[in-house]
Amino acid sequence: MFFHLSKMRRVLRVSEFQKCINAHCRIINPSVSTQFNRHHVTQTPRFNANQSRPSDFTSLFSDKWSPNPVDAISKQQLRENVSQLKDELLIQSEDVEKIEKVLEGNGVALFRKYSDGSAIVELMTQLRSFPSLAMEVFSWRRKQLDYAAPMTTEEYTKGIAMAGRLKNVELAVELFNEASNKRLIKTSLYNALMGAYMYNGLTMKCQSLFRELKTNSACTPSITTYNILISAFGRLMLVDHMEATLKEIQDLNLRPTIDTYKGLLGGYITAWKWEEMEKTYRLMRAGPVKPDMDIHLLMLRGYAHSGKLGKMEEMYKMVKGQVDNKKIPLIRTMISAYCRSSDVAKVEKVEDLLRLIPENEYRPWLNVILICLYAKEDLLEKMENSIKVAFERKAYITTVGVMRCIISSYFRQNAVDKLSEFVQRAECAGWKICRSLYHCKMVLYSNEMRISEMERVLDEMDRLNISFSKKTFWILYKSYQRFGERFKVDLVAGMMCKHGYGIPKDVRNR
């Protein structure tokens, strides 16, 4: 009797175990009809307290299983299917009605097949470079399919991130609240909204949301959360806050990622903390998280801004292929670094870099830097070519320092006629006009004994309401004195006295 009872118990336990396995298989491989109604799929069979859950059971052997090639194949198939839909959407990217027709015609079946939201998430990922189109897709998904297959946390996360990139913070907050009301709140949702705040410069709101996350018992800040905080503080040059966040990461035994170091380096570069920048880079090279291409590009920018040309050139050799093909802003930064330096070969190096910049990437500020470079090097022809480009591109020079740099080059070259032409064009183009322009012309005309043209400069000044200064009278006085114009010398001396500039000593000693 005891033997039969023991045998029956073993059969019962085996039967219950088999039911658990079968239930687990039904959850993992749902039918097509069950997939579309997502809330049925996510229900889990009930277990007694004495039973072992299938997930616990499978975890005992998880380290002995090899990766399932079926999963990789299915993911690749998903990417290919979504890529086809993306290409069709890009063709209609300007027409909202046609976008909706494409989604209704070719998207519905695909999205129903992947009712866990993975198709929408993959599509928005592939449309990352087209945030407006991605947002149109998300809005359509939100309106059309939510009734049949409820939206997932991952979909809301993508939507919030895209809204942030489009600088639509109100929509990002609306989506966050909508997901919260549906009880889909997770750390990834907080991260997405914090990222939207950070991207739009709302650091206080980003920090406030972080504090809210820490009080939410259902969520825990992740390393991504702290990375966003570091980036937000770095953009505002709040180095102390940035380093305090790093210390909190260390106290929590979280492992820094490559994004952690990107945020730190970006903050140090923005705040011009060059020693801290190099220390962080050395730490990466010695640690488990090695510098990648983005880190090297950050270091190249940092060395360029700090004026450390040797290290900048060394870093440039490491990333030259990437920079020359895609990173035009970095090339401009390097040009600016050379222009500020005392490198004897800086003109040649600048011109080598200029050849890498397409014509449609013209920037007025870079044009002005080149004008000053050529002016200081007394390369008059190249300076005038850059000035000509500035005039043609309707660029404006608004600072006295740049204008003085230009006229100094003309003065050293004794090119009064070219200076006169430049001043005339600068007046017509609305560039910054200063008294030094006309003083320079007067001195150069005087040097060439062109007295009548020197005197006409006074008329130009009067026409532009530029008052005569002490220096103006002194130029006239010295010029007339050199040419023996005694009457005009006395006349100028009298005007100097009248304006309170005193009387020259040689006049007083007569």
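Scanning region 120-151 for residues that are in contact (Cβ under 8 Å) with a residue 40 or more places away in the chain and either part of a loop (DSSP other than H, G, I, E, B) or open to solvent by 60 Å² or more (accessible area, probe 1.4 Å) (or both) gives Leu127, Phe130, Glu136, Gln144, Ala148, Ala149, Pro150. Within region 106-157, the set of residues being farther than 19 Å from Asn168 by Cα and among the hydroxyl-bearing types (Ser, Thr, Tyr) comprises Tyr114, Ser115, Ser118, Tyr147, Thr152, Thr153.
Here region 265-277 is the region considered, the condition is being out of contact with any Leu (no Cβ under 7 Å at 6 or more places or on another chain) and touching a residue at least 12 places away in the same chain (Cβ under 8 Å), and the residue that is farthest from Val239 (Cα to Cα) is Trp274.
Answer yes or no: is there a residue in region 129-136 that is at pLDDT 50 or above, at negative phi, polar (S, T, N, Q) and under 31 Å from the mean Cα position of the chain (by Cα). Yes. Within region 72-95, restricting attention to residues that are charged (D, E, K, R) and either open to solvent by 80 Å² or more (accessible area, probe 1.4 Å) or at pLDDT 85 or above (or both), the residue that is farthest from Arg128 (Cα to Cα) is Lys75. Residues in region 433-446 include none that are among the basic types (Lys, Arg) and out of contact with any Ser or Thr (no Cβ under 8 Å at 6 or more places or on another chain). Note on region 164-183: residues that are of a type in the set (Asp, Glu), open to solvent by 70 Å² or more (accessible area, probe 1.4 Å) and touching a residue at least 12 places away in the same chain (Cβ under 8 Å) amount to 0. Exactly one residue out of Arg450, Arg425, Arg456, Arg463 is free of Cβ contacts under 8 Å to residues at least 60 places away in the same chain and closer than 27 Å to Cys339 by Cβ: that is Arg425.
When the residues of region 106-119 are filtered to those that are part of a helix (DSSP H, G or I) and more than 12 Å from Leu78 (Cα to Cα), the one that is least open to solvent (accessible area, probe 1.4 Å) is Gly107. Taking the criterion of being touching a helix residue (DSSP H, G or I) at 6+ places or on another chain (Cβ under 6 Å), under 22 Å from Lys308 (Cα atoms) and not hydrophobic (A, V, I, L, M, F, W, C), the residues of region 344-368 that qualify are Lys346, Lys349.
Residue-wise test of (1) aliphatic (A, V, I, L, M); (2) within 25 Å of Leu264 (Cβ to Cβ); (3) open to solvent by 40 Å² or more (accessible area, probe 1.4 Å).
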| position | (1), (2), (3) |
| --- | --- |
| Tyr303 | no, yes, no |
| Met334 | yes, yes, no |
| Ala337 | yes, yes, no |
| Val350 | yes, no, no |
| Asn360 | no, no, yes |
| Pro364 | no, no, yes |
| Val368 | yes, no, no |
| Ala375 | yes, no, no |
| Met383 | yes, no, no |
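Whether a residue is open to solvent by 60 Å² or more (accessible area, probe 1.4 Å), within 30 Å of Met237 (Cβ to Cβ) and among the small types (Gly, Ala, Ser) was assessed, and Ser188 does not pass this test.
List the pairs whose first member sits in region 96-119 and is under 20 Å from Ser132 (Cβ atoms), whose second member is open to solvent by 60 Å² or more (accessible area, probe 1.4 Å) and in a helix (DSSP H, G or I), and whose Cβ atoms are under 6 Å apart, counting only residues at least 6 apart or on separate chains? Note: pairs meeting the criteria are Ile99/Glu136; Val102/Glu88.
Has region 387-409 got at least one residue that is in a helix (DSSP H, G or I), open to solvent by 20 Å² or more (accessible area, probe 1.4 Å) and of a type in the set (Ser, Thr, Tyr)? Yes; the residues of region 387-409 include at least one that is in a helix (DSSP H, G or I), open to solvent by 20 Å² or more (accessible area, probe 1.4 Å) and of a type in the set (Ser, Thr, Tyr). Residue count for region 445-465, restricted to those that are surrounded by 15 or more Cβ atoms within 10 Å (Cβ to Cβ) and either of a type in the set (S, T, N, Q) or within 43 Å of the chain's Cα centre (by Cα) (or both): 1.
Put simply, of Met442, Met495 the only residue that is among the aliphatic types (A, V, I, L, M), touching a helix residue (DSSP H, G or I) at 6+ places or on another chain (Cβ under 7 Å) and open to solvent by 20 Å² or more (accessible area, probe 1.4 Å) is Met495.
The values are calculated or read from the model by the stated rules, or taken from the named source; none is laboratory data. Just so it is clear, the structure is predicted and the values come from calculations on it, not from any experiment. Don't worry about glycine lacking a Cβ; one is built from the backbone with ideal geometry, like all the others, and counts go over all protein chains shown. Note: accessible area is taken over every heavy atom of the protein model, side chains too, but ligands, DNA and RNA are not part of it. Shrake-Rupley method; radii C 1.70, N 1.55, O 1.52, S 1.80 Å.
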